[in-house]
Structures are given as structure tokens and as C-alpha cells.
Amino acid sequence: MGNEKGFTQDQLAEIEAGKKAGLKTEIYANPEYLAIQMRQIRLVLEQNLDAKPLCNPALDWFQMEEIRLGLESGVDVSRYASPDQPYARMRQMRRALESGVDISDFLSFSPDVIRQLRKARVDGFEMKSYAEQGYDAEQIKQIRYGLRGALPMKQYLKKEYRAPALEEIRIGLEKGLDVRVYAHPEYDWRQMREIRLGLEQQVDVSKYNDPWYTYRQMMEIRLGLVAGIDVESYRKMRYSATDMRNMRQALEQGFLSALSTATSVGDLSELMTDGEEPYSIAISEDGMEAYLIIRDPSAVPDEEALLTEIWNAGIHKGMLRREIKKASEGQYGAETVLIACGQAPRAGKDGWYEFFFRTNVNRKPKILEDGSVDYRDVEWYDTVEAGTQVALYHSAEEGTDGYDVYGKTIPTVRGKELKVLNGSGFKLSEDRKSYIAKIDGMVSYEKERLEIVNVLELDDVTTATGDVVFEGNLHIRGNVGFGVLINAKGDLVVDGFVEGANIHATGEILLRKGMNGGGKGQIHCDKTVTAKFLESTEVHAGESIKVNYSVNSVLHAEEMVVFEQRNAMVMGGRCTGVKGVEAQNVGSRSGTPTLLIAGVSERLIRESNEVYGRLKSTTEELRMLVNARNEMCHKYPREVLAEQEVYRKVEDAIYTKETDQKELSARQEELRAQLLEISRAKIVVHGTVFTGAKIQIGKELWEAETDLLDVTLQKIRSGGKEEIVARGNREENG
């Protein structure tokens, strides 16, 4: 419904919201604007920004949104604020301006292509020529990934390769594979994937790298090779992928005899002529054992005649001559005697890697007899020199064939090959067995990934030596002085003492002798911080903090804060472990103000609030769009609507907003689950919580009114309200 001025209820609501905020609503109080367009102008006015670039009814709401976002980020929106620019192109222009790059020479391409060219230019690569050659956005994306990884992509580029095919080539190059085996236009991307997987798994891809195989046939042959079975019996072109799968599964399950040709002697599973016969010969169903069933011992013939009967029964291998002789001599009574036995095949040894460095470096400190923790001998990494061999692959071995009592061979299963190691900082030898270090650096092996990264080793770092910024791991053998900035794109190890420095690392940090920050020192770490002590220091860790003792420090870990020494102390300051704190002694006898916090994540709360706000806004905008569509459907007949561009835009926008709404709702549920998990966080104290120490779990605050020993503090709900209770750890464990 509207009113006498032609406004809908949603439009009136936007005008009223502007009036309440003290805005000049006449700027957008125009029936030509849809309510969702009015909303974009109102949001700009609320931030005291110049709304003139938006005040054009020819702009749709998505275009207005891009202009609004540009105004909010302070870029020159006049570069793109035109109804002639589609909103998707506007978005790329805005993001380019925000990144400080000029993409005016890309505007003849589609928005998706512009997006890839923009990202490349931001990364320092020029890729316009690929767009001019006719590569589409997804192809350019894969080429961009290759350039970013310094991969030799150019020699394999062909426009007839679809993006998934280029992706297979890129992944192969990243893994150090010989992509020449499958980088051919006659393969589709699925066939390329099967060959690439075979190269990774180090099987003989020549068994199936024929373009006449479908990718499903290739997969069945590859899986057979990985399982170590003989694929020759089923890798015929005439077999469908389904046939191949059935035959492969039969071979893997040991049903080879069922796949073999029938024996010339017919069904020999049990050669028993009649229940009244004095003796008979029986063969097990799997052909692995043969028995002489004796009913009348006196009727068993002599050894030579018995051997002839056994041979005529089809038993040609594995005969137990001693047992046969004893039976012929009457040494057995009326019983069943094992007279032949086959031999099961023995599988070959699986492939394995031999490493020439320590793969099990123990990063845990040593606990001394007095309960103290010694960080001096913590093994943090092993190092290698360029050109040295760091790993050697030993190929899988053939096994030993078996046989049944018929003399039929039971093929062995070859050992399984392991995948080629992923990682960086090394090269493969021509035989693809030896892994050679390309650089001097730190070497590690974890989760089938071999990494060799730069390590910079320094002595003392002071203001005299200057700040240290390094794109790799950093090892400081001496001390770190006051006022120094250290930024490592990797792990950081400091052997000496650290004073009031500003330390950043994307990996882990180990301070063997601790840090006295003097109220100025800061540590920011994406992973775990481990230190002997922390005094007057602010620490933020993306994972955990492990320390002997802390005095007057501010500690924050997104996971756990753990005080490792038996007599460790956290005294003064604030200590936050989002998922919990495990401490020894908290506070002091003199009542030093000490606060331990768990179950609170400002980061999650902030993101949750952001998602909630975006979801609320998206839901409101969706409602406006649906109302606008209903208004138009009520006002115009269907054939007129089909010709209206604004109606088509509304329909497209509804689809987009519905998709956004679903994604935001899913993320909101994920955040709720994470917040619920951390709300159950505990603070465990193995020593003493001294009087006056404070504990916060979630929003609830608790203060120790007396000294407590060996307790767990946890938030519970009681009588309709939440409170923190302290329970003895013996009670908890009991």
C-alpha cells in the first residue's frame, strides 16, 4: 500500500527512519526510488558523507551499495559512479582503488576477468595479455596461481585447456610431478586428474595413460595399481568401468581363482564317491588343503597307488609325502588326514621414506626433579645445507606368489607405493627417489609434507644493530634489547633474555630465558608462545601460551594458557585463555590483584555481532525487494513485467539476497556453536588460589574469599542464574 504521494509503506519507513536520525530526507524522499535505494542513501547520510554520487534513480541498489562502500573507504567514487557501469564492474573498480592500483585499462573485459587481472596486478603480475588472447576468468585464475607460485606454467598453456585442466597442470607442477605425461589436449581434465593422482602415488601410469580410456576406467586401473594387484587381467579397453571395478574388487578380496579359467578336472571341491567307501579324498573349497578321509584303515592302498590316486584327483602340488606314507602304512585309524597344503601369497613390502634428519624433534621442555621446567635444551628444529640429501624413497617390493593344491599359481600383491612428498625448499632427482635441499634452512616433516625454509641466525639484537624483519624462521642466539622490533614470517627462537621489544611472528615463538617487558614489551604470535617467564609483558597468541610463571603481564590466548612448572605462579595482571587456563598458583599471599579469564572471545563476539548485523540488514533488504516485486506484480500485467528491466533486476537481487541470507545464517550457527563450546571452559588450579584472586568465566566474576588448594573453577547454572563454583580436583577426578 502507498499514500497520496505514491509512497509505499517501505519507502515511508525509510523516510521516517531518516527523520528520526535528523537527516535531510528530502534528498531521497522521491517515489522514483525503491525503498532499498532510499536505504543506501540514508546509510550514507547517517555517516555524514556526501550522498550526491548516489542520488540518481537510474542507479540500482547494488550500484548504490558499491558507491556507498567506496565513500566509506575514502576512495574517489567519481571514477565509477555512473549508471552505465554494471555493479559487478563497479565492485572491481572500488576494490582496485582501495588497493591503490589502477585498472582503467581493464574495463573492456568482463567483471570476472577484471577481478582476476586486478588481483594479479595487486600481487605484482601483469596478465592483461592473457585476457586479450581470449582466456576466460577461471583460466586466468589458474595461470595467476601458477605465476604466484613461480611455476613454469607458460610452456603448458593452451586456450583449448579448460580451467579444470589448467588446475590439474598447476597442481602437478606444485607437487613436482612430470606433467608432460598428461599435459595434452587429447585428455580432458578428469583424465588428467587420474594420471596426476597416479604420478603422486608413484604407480606405473603407462598402464592407463591412453586417451581412449575414460576417466572412470583410468580410475579403476589406478586403484588396482595402488592396491598392488596385477591389473593386466582387466585393463582391456573392451571392459567397461563397472566391469573393471567388479574385477578389481574380486582381485583385491582374494577371489582370483574365481576369475581364472576353470580347471580341466572339473569341480574338485570334494572328491568323495560314497559314504560307504573305505576311504576318499576331499579338497577344501578354496583349493588350499586336501584330506584323506579314512573309514577302513586296512583298505588304504600302498604309497605308490595312493600317490597315483591323489594325482588323478588333481592334487599336483604341496603334497605332504610323510603323511601320505604313514597313511599307506596303516599308522592312522579311522580319521581325516591332511595330505596336501597350498601356500598363500606373501604381499610385497610397501614403499617407505628414509629421512636424513630428525623427524621427531621434541618441542617439549624438560621437567626437572624439583618440578622446574628447563627450556635450554628444547629441540626446536633440525637444519640442512643446500645440496644435501634430506630424504630417499625406497620403492615398494614385489611379493612371493602362492599356489593351491591343484598347482595353480596365486599371484602376490605388490607392496603399495607412497605418494610423492609435498612441500617446498627441495628438488627431486631424475629418478624421483632422492629429495635434495635447494636452500640452507630448517627442515621439517609433518603430515606427508616436507618443508625446508630459510632460517636467519643472529647474535644479540639491540637498537644498535637495528630492527629485524625476515621472511622466514629466525633464531637469535643472544639477547634482544629494549625498543627493538622483530618481525618473522615463520617461527622465532630466542636463546637469551628479551627486554621491552615488540615481537611479531606468524609461526611459533620460543623464549628460552623469558622476557621482562618493562611495561613496554609486546608479543603477537599467530600460533603458540612458549617462554620460561613473562614479566610486565603483553602477549597475544593465536593458539596457546605455555610459560613457567607470569608477573604483572597481560596474556591472551585463543586456546589455552598453561603454566607448566610444578611451582609456577601467575601473579598480577590479567591472563585469558579462551578455551581455559591450567595454572599452578594464582595470586599471592600479599593479595596482588590477579585476574584469570576463560570462556570469553572478543574476536568471536565481534564476528558474531558483525554477522548478526549483516544478516539483519540482508533480511530487511530482502523483505523490501519482495515487497517491491509484489507491488510491481499488482500494478502491471505479466507481459509488461517481462519487458521491464527494473523487474528483472529485482528478481535477480532477490535470488542474490536469499543466497547471502543462507550463507550468513549458516555462519551464524557455526559461531553460536563455537561460543557455546567456549562457554564450557574451565580454569584448573593444581596449587593454590590465594585470597583476593579473581576468576572470570564468561560474564560471571568470582573472587577467592580464602585460600583454596587444588581446585577446578567452572560456570554452572543454578536456580535460574549462572555462577562460578570451585570443586576440588580429587572430587572432579573421582
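Of the residues making up region 215-238, those that are closer than 22 Å to L177 by Cα and of a type in the set (V, I, T) are I221, V226.
Here are some residues: R115, R121, R91. Which one is touching a helix residue (DSSP H, G or I) at 6+ places or on another chain (Cβ under 9 Å), within 30 Å of Y28 (Cα to Cα) and without any contact (Cβ under 8 Å) to a residue 60 or more places away in the chain? Selected residue: R91, the only one of R115, R121, R91 that is touching a helix residue (DSSP H, G or I) at 6+ places or on another chain (Cβ under 9 Å), within 30 Å of Y28 (Cα to Cα) and without any contact (Cβ under 8 Å) to a residue 60 or more places away in the chain.
Of the residues S536, S550, the single one that is part of a strand (DSSP E or B) and touching an Asp or Glu at 6+ places or on another chain (Cβ under 8 Å) is S550. Tallying residues that are out of contact with any Gly (no Cβ under 8 Å at 6 or more places or on another chain) and part of a helix (DSSP H, G or I) within region 67-87 yields 10. Exactly one residue among V689, V646 is under 30 Å from F533 (Cα atoms) and either out of contact with any Lys or Arg (no Cβ under 7 Å at 6 or more places or on another chain) or modelled with pLDDT of 90 or more (or both), and that residue is V689. Tell me whether region 503-523 contains one or more residues that are within 17 Å of G466 (Cβ to Cβ) and either in the same structural domain as M569 (by TED's automatic domain parsing) or surrounded by fewer than 20 Cβ atoms within 10 Å (Cβ to Cβ) (or both). Yes. Filtering region 65-124 to residues that are over 23 Å from S617 (Cα atoms), of a type in the set (S, T, Y) and surrounded by fewer than 22 Cβ atoms within 10 Å (Cβ to Cβ) leaves S78, S82, S99, S104, S108, S110.
Might you let me know whether region 554-564 holds any residue that is of a type in the set (D, E, K, R), in contact (Cβ under 8 Å) with a residue 60 or more places away in the chain and not assigned by TED's automatic domain parsing to the domain that holds V684? Within region 554-564, not a single residue is of a type in the set (D, E, K, R), in contact (Cβ under 8 Å) with a residue 60 or more places away in the chain and not assigned by TED's automatic domain parsing to the domain that holds V684.
The set of residues in region 567-585 that are of a type in the set (K, R) and under 17 Å from V554 (Cβ atoms) contains only R574. Restricting L555, L615, L622 to those that are crowded, with 19+ Cβ neighbours inside 10 Å and either modelled with pLDDT of 95 or more or closer than 30 Å to A35 by Cβ (or both) reduces the list to L555. Checked against the criterion of being over 25 Å from I509 (Cα atoms) and modelled with pLDDT under 85, the candidates E457, E430, E446 yield just one match: E430.
A count restricted to region 700-734 and to residues that are touching a residue at least 24 places away in the same chain (Cβ under 8 Å), of a type in the set (D, E, K, R) and more than 21 Å from N548 (Cα to Cα) stands at 3. Set side by side, the residues E703, E658, E670, E663 differ, and just one is among the acidic types (D, E) and touching a strand residue (DSSP E or B) at 6+ places or on another chain (Cβ under 7 Å), which is E703. On inspection, E723 qualifies as surrounded by 12 or more Cβ atoms within 10 Å (Cβ to Cβ), at pLDDT below 90, part of a strand (DSSP E or B) and not hydroxyl-bearing (S, T, Y).
Within region 568-583, if we keep just the residues that are part of a loop (DSSP other than H, G, I, E, B) and in contact with an Asp or Glu (Cβ under 9 Å, 6 or more places away or on another chain), the residue that is surrounded by the most Cβ atoms within 10 Å (Cβ to Cβ) turns out to be V578. Entry remark, region 3-27: residues being out of contact with any Leu (no Cβ under 8 Å at 6 or more places or on another chain), surrounded by 13 or more Cβ atoms within 10 Å (Cβ to Cβ) and either small (G, A, S) or assigned to a loop (DSSP other than H, G, I, E, B) (or both) number 3 in total.
Taking the conditions exactly as written (closer than 23 Å to A347 by Cβ, part of a loop (DSSP other than H, G, I, E, B) and touching an Asp or Glu at 6+ places or on another chain (Cβ under 9 Å)), does I229 satisfy them or not? Against the criterion (closer than 23 Å to A347 by Cβ, part of a loop (DSSP other than H, G, I, E, B) and touching an Asp or Glu at 6+ places or on another chain (Cβ under 9 Å)), I229 qualifies. Listed by position, the strands (runs of 3 or more DSSP E) inside region 450-503 whose residues that are of a type in the set (A, V, I, L, M) number at least 3 are 455-458, 485-488, 492-494.
The values are calculated or read from the model by the stated rules, or taken from the named source; none is laboratory data. Only a predicted model underlies this, so the values are computations on that prediction, with no experimental measurement involved. Cβ sites come from the backbone with ideal geometry, for glycine too, and all protein chains shown count toward neighbours.
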